[in-house]
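K.L.:
So that we are looking at the same thing, I have put the structure below in structure tokens.
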Amino acid sequence: MKLNTAVIHAEQVVDPIHGCHVSPLYQSSTFILPNFDEAVRLNQNVDQGFVYSRFGNPSVNEFERKVASLEHAESALGLASGLGAITVATMSLLKSGDHIVFGDVIYGCSFALFTKILPSFGVEYSIVDTTDVAAIERAIKPNTKVVYVETPANPTLKITDIRAVADVVKQHKDVKLVVDSTFASPYLQNPLDLGADVVVHSATKFLNGHGNVTAGVIASSKEIIDRCRMPFLQCFGAVLDPFAAWQIVQGMKTLAVRMERHCENAMKVAEFLDKHPKIERVYYPGLATHPTHEIAKKQMRGFGGMMSADIKGGVDAVRTVMNNVKVFSLATSLGNVDSLIQHSPSMSHFDMTEEERNAVSIFAGQVRLSIGIEDAEDLIADLDRVLAMV
Ligand SMILES: *Cc1c(COP(=O)(O)O)cnc(C)c1O
């Protein structure tokens, strides 16, 4: 199946009892097992049937198989949030005494996980600019087990060359490359095809697309996913609720048309902001002036719906803009059908110090825009009106 067909039909569950057109929702915490011997067998082999919803659930499983199919992965694991996915994926690959290399521009709570939580369990870290492949090579040490890349990076939209990083990582036998591909979704890029070992998504964002669910997913080899499920998810318990999984599966059916419109609208908004006298700088990988535009062109099928912009006049100008938008909503999160605006330094990236943020171009006067699928003219008019007020 090609991509537009796959987002709708891949792994669709057939209901053998009533022939439901939409996959049934299996809202059950436990499963009735046929007999004692089967109960014993399934408890040891949770990938072969359903025992208890913390180990696996049919509605969650449909979502997992759909994502695995779109990411060209052997297997996938759904979790209660993107951070749940990132925590389980990285902790399943790391133990005390190991080392992780990660990018200097990543989602703020991932940054907190790697700099505050993992070190308290004895995991060392190095922060590098992952767009500089030589810097990654230099940062890898004998105890390195994970190289973690977020591309496009939240919030400055830096693009890391996944294939080039994978080529370096593959020279080190025990190191795995984990890519957070949330901003792209499987519609715009497939990190595993480019040599990554693991891909993680916040399914809260583009995969679901409607802002009504918090969820995450890991896609990788069956070996890695089985280990993420048992014992890691089994013990961490960041389990995806069946109803949430069912909602994402419905949301994913429009992923292709949504992403096309997100990309088209974002390009128009980026071009408008790029020329606007009140805007200092626009961060959108679709603009030829973006420092990693060429890599984006090479590894993505479109430039996505996310961008940031530095507004002249700093925080005061940001306040005016954010308090007066009407079509955009002042909200964190992203990837929804409707457009959102947030202030990265105080919202998504509050876990970094001001010094750390300034070093990677997350400036005080910066807003991040999640461009929705409304009419681009209305989005541009909304921004034009509020920028005239600053
Ligand atoms: C939102 C986000 C996350 C975290 O996902 P949650 O579902 O909020 O836990 C991780 N990575 C990126 C790039 C994100 O935008």
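The values are calculated or read from the model by the stated rules, or taken from the named source; none is laboratory data. Predicted model, so just to flag it, every value in this text is computed and none were measured. Using ideal geometry, Cβ is built from the backbone for each residue, glycine included, and neighbour counts are taken over all protein chains shown. The protein model used for the area step is the full one, side chains on, heavy atoms only, and it has no ligands, DNA or RNA in it. Shrake-Rupley method; radii C 1.70, N 1.55, O 1.52, S 1.80 Å.
K.L.:
Go through the residues of the stretch 368-387 one by one and say whether even a single one is closer than 18 Å to residue 109 by Cα and buried (at least 20 other Cβ atoms within 10 Å of the Cβ). It would help to see each step written out before you state the result.
P.N.:
Of the stretch 368-387, the ones closer than 18 Å to residue 109 by Cα are 368.
From what is left, the residues that are buried (at least 20 other Cβ atoms within 10 Å of the Cβ) are 368.
The answer is yes; a qualifying residue exists.
K.L.:
Separate question: Being away from the ligand (no atom under 14 Å from the Cβ) and among the aromatic types (Phe, Trp, Tyr) is the filter here, so list the residues in the stretch 98-121 that pass it.
P.N.:
Answer for the stretch 98-121, where residues must be away from the ligand (no atom under 14 Å from the Cβ) and among the aromatic types (Phe, Trp, Tyr): just 121.
K.L.:
Starting from the stretch 144-157, keep only residues that are within 9 Å of the ligand (Cβ to nearest atom), then list their pairs with residues that are part of a loop (DSSP other than H, G, I, E, B) and of a type in the set (Phe, Trp, Tyr) whose Cβ atoms are within a distance under 8 Å, requiring at least 6 positions of separation or different chains.
P.N.:
Matching pairs, first to second residue: 150/107; 150/183; 152/183; 153/183; 154/107; 154/183.
K.L.:
Across the stretch 76-102, which residue is nearest to residue 124 (Cα to Cα) among those that are under 17 Å from the mean Cα position of the chain (by Cα) and open to solvent by 20 Å² or more (accessible area, probe 1.4 Å)?
P.N.:
Looking at the filtered set, the residue picked out is 87.
K.L.:
For residues that are assigned to a strand (DSSP E or B) and either on the phi > 0 side of the Ramachandran plot or out of contact with any Phe, Trp or Tyr (no Cβ under 6 Å at 6 or more places or on another chain) (or both), tally how many sit in the stretch 141-185.
P.N.:
The total comes to 10.
So that you can scan it fast, the table gives a plain yes or no per residue for (1) open to solvent by less than 60 Å² (accessible area, probe 1.4 Å); (2) free of Cβ contacts under 8 Å to residues at least 60 places away in the same chain:
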{"residue": "298", "(1), (2)": "no, no"}
{"residue": "305", "(1), (2)": "yes, no"}
{"residue": "311", "(1), (2)": "yes, no"}
{"residue": "329", "(1), (2)": "yes, yes"}
{"residue": "346", "(1), (2)": "no, yes"}
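K.L.:
Among the residues of the stretch 325-338, how many are away from the ligand (no atom under 16 Å from the Cβ) and outside any strand (DSSP E or B)?
P.N.:
The total comes to 6.
K.L.:
Moving on to the next point. Can residue 138 be described as away from the ligand (no atom under 16 Å from the Cβ), in a helix (DSSP H, G or I), farther than 21 Å from residue 219 by Cα and basic (Lys, Arg)?
P.N.:
yes
K.L.:
How many of the residues in the stretch 8-26 are surrounded by 14 or more Cβ atoms within 10 Å (Cβ to Cβ) and closer than 30 Å to residue 234 by Cβ?
P.N.:
So the answer is 8.
K.L.:
Then there is this: Out of the stretch 340-365, which residues are within 16 Å of the ligand (Cβ to nearest atom) and touching a strand residue (DSSP E or B) at 6+ places or on another chain (Cβ under 7 Å)?
P.N.:
340, 341, 342, 343, 344, 345, 348
K.L.:
Could you grab me the full set of residues in the stretch 81-97 that are among the hydrophobic types (A, V, I, L, M, F, W, C) and within 16 Å of the ligand (Cβ to nearest atom)?
P.N.:
If the condition is that a residue be among the hydrophobic types (A, V, I, L, M, F, W, C) and within 16 Å of the ligand (Cβ to nearest atom), then 83, 85, 86, 88, 89, 91 are the ones that fit.
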